[in-house]
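Before any comments, here is the structure.
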Amino acid sequence: MTAASPLNAGRQALAAEGFTPPGPELFNLPPIFGGSLLFAKPALLLVVGAVLVFGFFYATSRKMAMVPSKAQYAGEQAYSFVRNGIARDVIGSRDFMKFVPLLLAMFSFILINNLFGVVPFIQFPSFSRASFAYGLAALVWILYNGVGIWKHGLFGYLKHQTIPAGVNGPILILIVPLEFASNILVRPVTLSLRLFANMFAGHILLVLFTLGGEYLLLEAGNVAYAPVGVLALLLAVAISFLEILVQVLQAYVFTLLTAMYVQGALAEEH
């Protein structure tokens, strides 16, 4: 019996009772038009998210004034949060400005796509699709490694990333492969999995409580289940607010770690 068998057996038992619990197939959405997955809802949401981010900053910066309007103030606060709270504090005052546009765009893009998961009639966080999270992490990998190679040269950067300052001798036989795997290979994997797993799990949890509550309240055919159904729906609302916190936090963590990797690549010593 495989590890997944008890889970499948439980789902089949629930399906026999008339309720099919959500699973990974929840994320296999059909194309909106045509036959390509490039035209499925998640890909469309990425495009919509990019347009919304561009539209927000264009609208808030189009008419700059000494006394800011509410829209300008909102844009300035978003910019200041990333500029001062992430880029300058992490990368340092000497090099941070050239990375602010990318970090601001990254934070805003991840945030809006995460928040899609709690927007009525959309209700799908784009980065619950693993490939999207991997793609964004690959961009970060190219960025910080490219910055490090530009700063130190290829061999200087590899030395910088694999040999900690003050460490020498035979212990390097063990340290160098571990540092290479940690700093070069594993970082993009952990970066993407953190974002993907949180969005994936949160979306399934919300759907489970919502559909489960609706089934117990309206379709189970037993009045005794009604209080449990109401409780499940109330928990779905509570989880929605918790999920908003997680969505904002994951956008912040992804951007913060990106800034940390850039800072580590630029640093003089490892």
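If a spin label sat at a point 7 angstrom from the Cα of Leu139 along the line to its beta carbon, the backbone N atoms of the range 184-227 nearer than 17 Å would be those of 188-189, 191-196. When chymotrypsin sites (Phe, Trp or Tyr not before Pro) are flagged only if DSSP places them in a loop and at most 13 other Cβ atoms lie within 10 Å, the longest unflagged stretch of the chain comes out as 122-270. Rounded, prolate or oblate: pick one for the range 46-128, where a ≥ b ≥ c are the square roots of the eigenvalues of its C-alpha gyration tensor, a/c under 1.5 means rounded, and failing that, prolate if a/b is larger than b/c, else oblate. Oblate is the answer for the range 46-128, as a/c is 1.5 or above yet b/c matches or exceeds a/b.
The modelled label-to-label distance between Lys63 and Ala224, using points 7 Å beyond Cα along the C-beta direction, is 6.5 nm. For the range 5-266, the direction-averaged projected area of the alpha-carbon convex hull comes to 20.6 nm². Measuring nothing but how far apart in sequence close Cα pairs (under 8 Å, 6+ apart) lie, relative to its length, the chain scores a relative contact order of 23 percent. Decide, for the range 131-245, between rounded, prolate and oblate: order the square roots of the alpha carbon gyration tensor eigenvalues as a ≥ b ≥ c, take rounded if a/c falls under 1.5, and otherwise choose prolate if a/b is larger than b/c, else oblate. It comes out prolate by the Cα gyration axes.
If we count other beta carbons within 10 Å of each Cβ, what is the order of Met64, Met106, Met260, fewest first?
Taking fewest neighbouring Cβ atoms as first place, the list is Met64, Met260, Met106.
Each Lys and Arg Cβ is given +1 and each Asp and Glu Cβ -1; about its Cα centre, the range 62-146 then shows a dipole of about 220 debye.
Based on C-alpha pairs under 8 angstrom that are at least 6 apart in sequence, the range 119-270 has a relative contact order of 34 percent.
In the range 70-187, the C-alpha radius of gyration followed by the widest Cα-Cα span (Dmax) gives 18.6, 61 angstrom.
When you filter the trypsin sites (Lys or Arg not before Pro) in the range 59-167 for DSSP loop state and at most 16 other Cβ atoms inside 10 Å of their Cβ, you are left with Arg62, Lys63, Arg94.
Where a number appears in this text, it was derived from the coordinates with a stated rule and is not lab data. In this text the structure is predicted, and so the values were computed from the model without any measurement. Positions of Cβ are generated from backbone atoms using ideal geometry, with glycine treated the same way; all protein chains shown enter the neighbour counts.
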